[in-house]
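First the structure, in the form of structure tokens, and then the observations on it.
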Amino acid sequence: MPAFLCIACLSGLREDSSKIPGKYIDFSNRNLESRGDTLFLEGVKFSGYVYHLYDSRDTAFLFSYLDGLSEGVQKKWYENKVLMEVRSYHRGKKNGRQTTYWDSGKPKFTFMAVNDANEGEMKEWDDKGNLSHLGHYKNGQEEGEQKMWYSNGKIRSNYIIRNGRRYGLLGTKNCINVTDSLDILADVKLPAAGRK
């Protein structure tokens, strides 16, 4: 009975189910087999929904497939019932909005994908909700404004990519900004003169 109630609840999560049959299979089903990016049930390309439950019987994930390939909206949840991620697929490739969340429910990152490649603006946040990365992509490659911040809010890198060339502060490990190095030295306690 609990499994039936779970499946009834899961059916409300389907967003575009016009092509995907309303067939639900638990991920632990031994007849499911993954070969590369294709999912099979008893040797046949699977069309329907695959779900998995935590020991508490709450939903861990719900993935949809058409002809063995990921199709439509895929969702995962943390064990505390907070949404972990929402991803969109078409014919086995990421297409559309891709969003993940911290276990607090705050956003972790979001970007658009077209045929498995990042496209447009991508944002990433730390677990406190502070923006840590702002990037722009074209055909899966960085293009345009790119910024990263340290957890204290100071800029880590700030550059622009035009026609495959970078311009600006890259924030590489071996380089340090002069004002940052003075801040570091101010925190270092040097031994008093004459002491060994």
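Suppose R0 equals 22 Å. What FRET efficiency, 1/(1 + (r/R0)^6) with r the Cβ-Cβ distance, do Phe40 and Arg91 give to the nearest 0.05?
Values: r = 16 Å, r/R0 = 0.75.
Efficiency, from the Cβ-Cβ distance: 0.85.
For Gly129, what is the net charge nearby, where nearby means another residue's Cβ is under 11 Å from its Cβ and Lys, Arg count +1, Asp, Glu -1? Show your work: numbers first, answer last.
Numbers: positive: Lys106, Lys108, Lys128; negative: Asp126, Asp127.
My count for the surroundings of Gly129 gives +1.
Only four residue types carry charge here, +1 at the Cβ of Lys and Arg and -1 at the Cβ of Asp and Glu. Report the dipole size of the stretch 15-65 about the Cα centre in Debye, rounded to the nearest 20. If you can, show how the numbers build up before the last one.
Details: 6 positive and 8 negative charges, 40 e Å.
That gives the stretch 15-65 a dipole magnitude of about 200 debye.
Quick one: length gained pulling Lys106 to Asn139 fully straight, 0.36 nm per residue minus the C-alpha distance?
Numbers: separation 33, 0.36 × 33 = 11.88 nm, distance 2.77 nm.
Using 0.36 nm per residue and subtracting the Cα-Cα distance, I get 9.1 nm.
What are the ³J(HN,Hα) values, in whole Hz, obtained from phi via the Karplus relation 6.51 cos²θ - 1.76 cosθ + 1.60 with θ = phi - 60°, for each residue of the stretch 68-80 in sequence order, with x given for Gly and Pro?
Taking θ as phi minus 60°, the curve returns x, 10, 4, 8, x, 8, 10, 10, 10, 10, 6, 5, 7 Hz for the stretch 68-80.
Among the lysines, which have Cα under 30 Å from the Cα of Lys45 when same-chain residues fewer than 8 positions away are ignored?
Candidates past the 8-residue exclusion: Lys19, Lys23, Lys75, Lys76, Lys93, Lys94.
Determine, from the Cβ-Cβ distance of Thr99 and Phe27 and an R0 of 25 Å, the FRET efficiency 1/(1 + (r/R0)^6), rounded to the nearest 0.05. Before the final figure, lay out each step's value.
Numbers: r = 22 Å, r/R0 = 0.87.
In this case the efficiency is close to 0.70.
Taking the highest mean first, how do the peptides 87-97, 152-162 order by number of other beta carbon atoms within 10 angstrom per residue? List each step's numbers first, then the result.
Working: 87-97: 17.4, 152-162: 13.1.
Averaged packing, sorted descending, gives the order 87-97, 152-162.
Bear in mind that the values in this text are calculations on the coordinates, not laboratory data. Note that the structure is predicted; figures quoted are calculated from it, not measured. Methodologically, a virtual Cβ is constructed for each residue, glycine included, from the backbone with ideal geometry; neighbour enumeration extends over all protein chains shown.
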